[in-house]
Amino acid sequence: MAIVQTKNPMPVQEPEVRAHNFNEVALGYSEETAINEASRCLNCKNRPCVAGCPVNIHIPEFIAKVKEGKFEEAYQIISETSSLPAVCGRVCPQESQCESKCTLGIKFEPVGIGRLERFVADYHNEHNTAKPQVPAPNGHKVAIVGSGPSGLTCAGDLAKKGYKVAVYEALHTAGGVLVYGIPEFRLPKKIVAKEVDTLKALGVDIDTNVVIGKTLTIDELFEMGYEAVFVGSGAGLPRFMNIPGEAYKGVYSANEFLTRSNLMKAYREDPVTPIMKGGKVAVVGGGNVAMDAARTALRLGAEKVYIVYRRSMEELPARKEEVEHAQEEGIDFRLLNNPVEILGYNNPDDPRDPKNGFVTGIKCIRMELGEPDASGRRRPVEVPGSEFVLDVDTVIMSIGTSPNPLIKDTTKGLEVNSHGGIIVNEDGLTSRDAVYAGGDAVTGAATVISAMGAGKLAAKSIDEYLSKK
Amino acid sequence: MYKIISRKPLNATVTQMEIEAPLVARKAKPGQFIILRVDEDGERIPLTVAGTDPERGTVKIIFQIVGGTTEKLNHKAEGEFLQDFVGPLGVATHTEGIKKVCIVGGGVGCAIAMPVAQEFHRLGAEVTSIIGFRNKDIVILEDEFKACSDKLFVMTDDGSYGQHGNVTVPLKEMLENGETFDQIITIGPLIMMKFVVATAKPYNIPVTVSMNPIMIDGTGMCGGCRLTLNQDGKRVTKFACVDGPDFNGYEVDFDEAMSRNRMYMDFERHAYEEACNLFKEVA
């Protein structure tokens with residue numbers, strides 16, 4: 001049988017339709033398409049794809065089950081190693097992970113592993129009614145700080161082994177970046193809620209409105225009888241560029257813009273939490289968060305949305321599919337440009353002019369690529385005298401975060417690196433006994449799946465540590 | 001859910017509530033704040049802690065009705081519940097080594113100034129308090145301040161109660177007469193704090209100001225509460241939620257802070273009117 005050279009396309013909402021709603025962009029494979037795509041898998045002996053997955057999902061095995069139409073069995077295989085398959089199938093950068101290693105991909109398009117994972121997870125969520133089996137308690141208690149991808153993964157793995165797990169979340173809703181950061185059109189909130197409910201059914205307690213480092217400290221968690229703590233508190237303080245004009249009204253961090261829209265539901269018709277809607281918007285940065293912010297701005301009614309990124313398309317770190325979707329939706333990519341100043345309105349004759357202090361534009365300078373820098377990417381260099389102004393009403397800074405100081409400042413003996421990230425060893429253990437950490441709190445802004453991998457590793461280490469105790 | 005243990009109007013637009021939140025009550029120190037949501041899908045608003053009772057597990061908040069959310073909060077009765085209540089957030093007011101302090105509160109800011117004055121009084125410092133209001137009808141917490149202050153000035157803008165004039169009048173007079181303080185701490189409208197700083201400047205007395213920018217998460221994630229400090233000729237961005245809310249008054253860019261606080265003025269007015277109409281329809 002001849003090999004089908006291309007992936008089965010993912011059915012999507014048409015760009016001109018989806019640019020005006022917050023419904024999910026990708027609609028998912030049908031059973032027939034899934035079986036068809038699964039049939040493309042060569043089932044190679046050396047399973048290179050598995051090594052490309054941060055949580056080592058048994059990829060050829062689950063795909064073989066899909067091919068046979070045994071979707072629930074496929075799900076059971078995935079869930080042996082992944083706690084959040086419906087999430088990962090949607091947000092993982094498969095092109096740089098599992099799919100990048102696919103043998104088929106050497107000559108043709110790789111197998112759509114991410115699309116199949118999503119299909120299997122959605123199939124399970126739709127058809128499965130059985131409650132997860134609550135394992136017999138093993139008598140040990142573990143506390144998890146933060147309910148984002150690393151915390152939920154760590155909690156799930158430990159709960160399945162019989163640990164009594166409590167997850168402490170600072171915000172009012174569980175899910176971390178999955179609810180405040182990633183927008184509905186890319187990851188529907190009901191999927192995250194479903195994953196959280198599954199954990200609760202396993203006996204995990206989720207305590208919202210508790211800020212570890214403020215409401216309770218790590219030391220107090222041990223006093224309360226927890227024998228190990230996992231810190232998955234996430235990224236933290238948004239970075240700004242320190243250019244003039246960043247305090248003008250209409251300049252947001254991507255975290256703020258997305259939190260207002262996602263967590264606080266400012267995208268609704270008559271929101272309680274305000275957000276600047278419409279007008280022209282410039283998003284500075286080239287990561288997934290920048291794509292999310294740009295496409296959210298578009299859906300909130302912006303007439304024009306720019307991505308301003310200082311390197312070229314080749315270095316742009318966002319997930320390929322998101323970039324393609326953004327382009328289809330009409331986001332204007334202004335690559336090899338770097339902002340030097342944000343311009344604002346100031347009426348010298350009337351200090352009470354209500355327009356005073358609002359953004360009117362962003363001044364950028366053109367860049368060209370020079371020699372490779374420490375990251376191996378070619379360093380962007382300014383082209384002298386090439387400044388120009390984009391007229392915009394809103395500027396969204398999406399250039400990363402620096403770690404949150406709350407836990408470090410209140411936990412004696414917890415060592416952090418020069419960037420403020422918590423230092424861990426190869427087992428995920430910090431400089432403090434029985435305190436483990438992972439995710440963005442350790443690495444700085446990274447991906448959902450790498451955070452999940454860290455949560456998984458910590459769960460394994462905690463289990464080894466406490467079973468010896 | 002967090003129960004409203006008591007509710008007491010202090011004047012026509014300012015209300016005091018005690019909320020059951022044992023973990024917060026155990027930890028909160030003067031100068032720190034909490035974030036609450038009145039109901040599901042509600043807005044997150046920061047309010048400074050006005051007192052705690054760790055034994056009873058309650059936290060006192062005092063708020064002024066300024067928008068839709070505070071209007072809704074004001075309509076909650078004793079025994080009802082708030083959706084969310086998280087804290088204590090921010091850094092507590094610095095008290096170490098301060099033996100003689102002047103506390104300057106304006107309007108509802110006096111509610112935040114009060115626990116700070118009480119704390120200094122408890123620590124044995126000499127406390128001078130200046131509290132200012134627009135007029136007689138909105139004077140709050142006079143007895144509480146009397147109880148914890150060695151000297152108290154009550155000011156009204158229109159002279160309808162206490163002394164005539166704003167809070168800088170007695171401050172300036174004292175400083176001109178050679179009075180001095182280890183620290184001035186001022187809490188109230190930005191414009192008032194800006195003038196308190198200007199008044200103290202010629203006398204080189206350290207001034208702490210309590211900033212109240214727009215916030216969402218309150219834990220250092222969103223960056224909405226950022227403000228600019230002028231430190232040694234450099235402009236430095238700080239986040240009120242984790243670095244503050246107290247800052248060195250001489251460093252704060254007040255004009256920028258005032259502008260940023262007006263970002264959603266139109267939206268807020270609309271939300272307030274909507275909330276008012278809603279309660280009118282119910283009534």
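For the range A:396-423, name all the residues that are on the phi < 0 side of the Ramachandran plot, part of a loop (DSSP other than H, G, I, E, B) and within 14 Å of chain B (Cβ to nearest Cβ).
Of the residues in the range A:396-423, the ones on the phi < 0 side of the Ramachandran plot are A:396-399, A:401-412, A:414-419, A:421-423.
With the extra rule that they be part of a loop (DSSP other than H, G, I, E, B), the set shrinks to A:398-399, A:404-405, A:411-412, A:414-415, A:417-419, A:421, A:423.
Result: A:Ser398, A:Ile399, A:Asn404, A:Pro405.
The lone criterion from (1) in contact (Cβ under 8 Å) with a residue 60 or more places away in the chain; (2) under 30 Å from B:Ala240 (Cβ atoms) left unmet by A:Gly421 is number (1). Across the range A:424-468, the qualifying residues are those that are assigned to a loop (DSSP other than H, G, I, E, B) and without any contact (Cβ under 8 Å) to a residue 12 or more places away in the chain, and the one among them that is surrounded by the fewest Cβ atoms within 10 Å (Cβ to Cβ) is A:Glu426.
Within the range B:206-220, is even one residue within 11 Å of chain A (Cβ to nearest Cβ) and either surrounded by fewer than 16 Cβ atoms within 10 Å (Cβ to Cβ) or over 19 Å from the mean Cα position of the chain (by Cα) (or both)? Full working, then the answer.
Residues of the range B:206-220 within 11 Å of chain A (Cβ to nearest Cβ): B:213-220.
Restricting the remaining residues to those that are either surrounded by fewer than 16 Cβ atoms within 10 Å (Cβ to Cβ) or over 19 Å from the mean Cα position of the chain (by Cα) (or both) gives B:220.
So far as the range B:206-220 goes, yes, one or more of its residues are within 11 Å of chain A (Cβ to nearest Cβ) and either surrounded by fewer than 16 Cβ atoms within 10 Å (Cβ to Cβ) or over 19 Å from the mean Cα position of the chain (by Cα) (or both).
A:Pro135 passes every criterion in (1) touching a Ser or Thr at 6+ places or on another chain (Cβ under 9 Å); (2) outside any helix (DSSP H, G or I) apart from (1). Every condition in (1) assigned by TED's automatic domain parsing to the domain that holds A:Gly112; (2) polar (S, T, N, Q); (3) in contact with a Phe, Trp or Tyr (Cβ under 6 Å, 6 or more places away or on another chain) holds for A:Gln5 except the one numbered (1).
The requirement of being over 27 Å from B:Val38 (Cα atoms), touching a helix residue (DSSP H, G or I) at 6+ places or on another chain (Cβ under 9 Å), at the interface with chain B (Cβ under 8 Å from one of its Cβ atoms) and free of Cβ contacts under 8 Å to residues at least 24 places away in the same chain is fulfilled nowhere in the range A:268-281; no residue meets it.
Looking at the range A:169-214, which of its residues are charged (D, E, K, R), part of a helix (DSSP H, G or I) and more than 22 Å from B:Leu23 (Cβ to Cβ)? Please lay out each step first, then the result.
Of all residues in the range A:169-214, those charged (D, E, K, R) come to A:169, A:184, A:186, A:189-190, A:194-195, A:197, A:200, A:205, A:207, A:214.
This time we only want the ones that are part of a helix (DSSP H, G or I), so: A:189-190, A:194-195, A:197, A:200.
Passing the criteria: A:Lys189, A:Lys190, A:Lys194, A:Glu195, A:Asp197.
Looking at the structure I just gave you, is B:Ala28 over 22 Å from A:Arg268 (Cβ atoms) and over 15 Å from the mean Cα position of the chain (by Cα)?
Working: over 22 Å from A:Arg268 (Cβ atoms): yes; over 15 Å from the mean Cα position of the chain (by Cα): no.
So B:Ala28 does not fit the description; no.
Among the candidates A:Asn46, A:Asn56, A:Asn36, single out the residue that is over 24 Å from A:Glu324 (Cβ atoms) and more than 25 Å from the chain's Cα centre (by Cα).
On the way: A:Asn56 fails: more than 25 Å from the chain's Cα centre (by Cα); A:Asn36 fails: over 24 Å from A:Glu324 (Cβ atoms).
Sole residue among the options that is over 24 Å from A:Glu324 (Cβ atoms) and more than 25 Å from the chain's Cα centre (by Cα): A:Asn46.
The number of residues in the range A:195-224 being more than 10 Å from chain B (Cβ to nearest Cβ), among the acidic types (Asp, Glu), within 19 Å of A:Gly156 (Cβ to Cβ) and without any contact (Cβ under 8 Å) to a residue 60 or more places away in the chain comes to 2. Within the range A:290-319, residues that are under 23 Å from A:Arg379 (Cβ atoms) have Cβ atoms under 7 Å from residues that are hydroxyl-bearing (Ser, Thr, Tyr) in these pairs: A:Ala290/A:Ser398; A:Leu316/A:Tyr309, counting only partners at least 6 apart in sequence or on another chain.
I need the full set of residues from the range A:11-35 which are touching a helix residue (DSSP H, G or I) at 6+ places or on another chain (Cβ under 6 Å) and not β-branched (Val, Ile, Thr), in order please. Passing the criteria: A:Pro15, A:Ala19, A:Phe22, A:Gly28, A:Tyr29, A:Ala34.
Can you work out which of the residues in the range B:134-175 that are of a type in the set (Ser, Thr, Tyr) and buried (at least 20 other Cβ atoms within 10 Å of the Cβ) is farthest from B:Cys102 (Cα to Cα)? Break it down into steps so the answer makes sense when it comes.
First pass over the range B:134-175, keeping only residues of a type in the set (Ser, Thr, Tyr): B:149, B:156, B:160-161, B:168.
With the extra rule that they be buried (at least 20 other Cβ atoms within 10 Å of the Cβ), the set shrinks to B:149, B:156, B:168.
Numbers: B:Ser149: 9, B:Thr156: 18, B:Thr168: 12 Å.
Checked the range B:134-175; the qualifying residue farthest from B:Cys102 (Cα to Cα) is B:Thr156.
Against the list (1) at the interface with chain A (Cβ under 9 Å from one of its Cβ atoms); (2) under 28 Å from A:Pro405 (Cβ atoms), the condition B:Arg262 fails is (2).
All of (1) more than 27 Å from B:Thr70 (Cα to Cα); (2) outside the structural domain of B:Ser129 (by TED's automatic domain parsing); (3) buried (at least 19 other Cβ atoms within 10 Å of the Cβ) hold for B:Phe181 with one exception: (2). Considering the range A:303-348, the qualifying strands (runs of 3 or more DSSP E), each wholly inside and each with 3 or more residues that are surrounded by 19 or more Cβ atoms within 10 Å (Cβ to Cβ), run over A:304-309, A:337-344.
Across the range B:221-238, which residue is farthest from the other protein chains (Cβ to nearest Cβ) among those that are of a type in the set (Lys, Arg) and within 20 Å of the chain's Cα centre (by Cα)?
Applying the first criterion (of a type in the set (Lys, Arg)) to the range B:221-238 yields B:226, B:234-235, B:238.
Of the ones still in play, those that are also within 20 Å of the chain's Cα centre (by Cα) are B:226, B:238.
Values: B:Arg226: 7, B:Lys238: 10 Å.
It comes out as B:Lys238.
Entry remark, the range B:43-74: residues being over 26 Å from B:Asp137 (Cα atoms) and away from every other protein chain (no Cβ under 14 Å) number 4 in total. Output yes when any residue across the range A:38-55 is touching a Phe, Trp or Tyr at 6+ places or on another chain (Cβ under 8 Å) and surrounded by fewer than 22 Cβ atoms within 10 Å (Cβ to Cβ), and no when none is. Taking every residue of the range A:38-55 in turn, none turns out to be touching a Phe, Trp or Tyr at 6+ places or on another chain (Cβ under 8 Å) and surrounded by fewer than 22 Cβ atoms within 10 Å (Cβ to Cβ). Scanning the range A:231-261 for residues that are more than 8 Å from every other protein chain (Cβ to nearest Cβ) and assigned to a strand (DSSP E or B), which turns out farthest from the chain's Cα centre (by Cα)? Among those residues, the one meeting the criterion is A:Val251.
The values are calculated or read from the model by the stated rules, or taken from the named source; none is laboratory data. In this text the structure is predicted, and so the values were computed from the model without any measurement. Every residue, glycine as well, gets a Cβ built from its backbone with ideal geometry; the counts of neighbours run over all protein chains shown.
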